[in-house]
């Protein structure tokens, strides 16, 4: 069984498009689990069917925490299942179900698999993630176009389209709930890679994604959370020197942006403030 797990935050129309991109579920080959991070948004109820289950959060839990709710429920029902975490602003361009099942039969060693992600215009948006601890560089790189293999191992994959092979985990895999939004996918991959799990990306199947079609509505909050999460990540996976160097550079850039992009600048400042408050508290 494949479980598609998505998080709703006032995005019913996008979730509806995602569901409509899936094949007709006549034989119960999959279930769709929606964690409703906007419990006041009752329009999402119109999407409920036998194969579409909706769970209301008490409030906006953030991406990783909401995914944990879904992962926990799925693991309790089916610890051998395959969970495809997919953004509500993404959708499938073809029926991948048979390919996904056969992929994991052929490659059972993979714990977390990222798929290739295209924009609506056909450009590659994600095809593999890289990390350089000595510089703190977290980047994307096209690792898939020039390979004929079924997959390539990599440092991290995007939570926009991330598949978890539950049978590889002795306990339910979880995101770090310190992260509200951004970099929680990177942390998930690095944390489990450090425990010996295999992280990989494939172009055998993928999704189409409209980048930031939700978060761009809230620029200040987007930058605030991404800055905060970025600093937490550097603190966990690099050294103190790299963290301080990048923090100084981040603040200098924020000062430059004050008169050009004030929402971005103040988002960065607030993100830094959140991080410093957390650091002092700890």
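Looking only at helices (runs of 4 or more DSSP H) that fall completely inside the range 183-282, which ones have 1 or more residues that are more than 17 Å from the chain's Cα centre (by Cα)? Explain how you work it out, then say what you get.
Numbers: elements: 184-193, 219-237, 240-257, 262-281.
Here the list reads 219-237, 240-257, 262-281.
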> Within the range 121-140, how many residues turn out to be on the phi < 0 side of the Ramachandran plot, out of contact with any helix residue (DSSP H, G or I) (no Cβ under 9 Å at 6 or more places or on another chain) and surrounded by 13 or more Cβ atoms within 10 Å (Cβ to Cβ)?
Replying inline: 6
>> I'm trying to understand the selection: among the residues of the range 61-114, which are assigned to a loop (DSSP other than H, G, I, E, B), out of contact with any strand residue (DSSP E or B) (no Cβ under 8 Å at 6 or more places or on another chain) and surrounded by 21 or more Cβ atoms within 10 Å (Cβ to Cβ)?
In response: 62
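Since every read-out is calculated from the coordinates, none of them should be taken as a lab result. Predicted model only: the values in this text are computed from it and were never measured. Glycine gets a Cβ as well: all are built from the backbone with ideal geometry, and neighbour counts include every protein chain shown.
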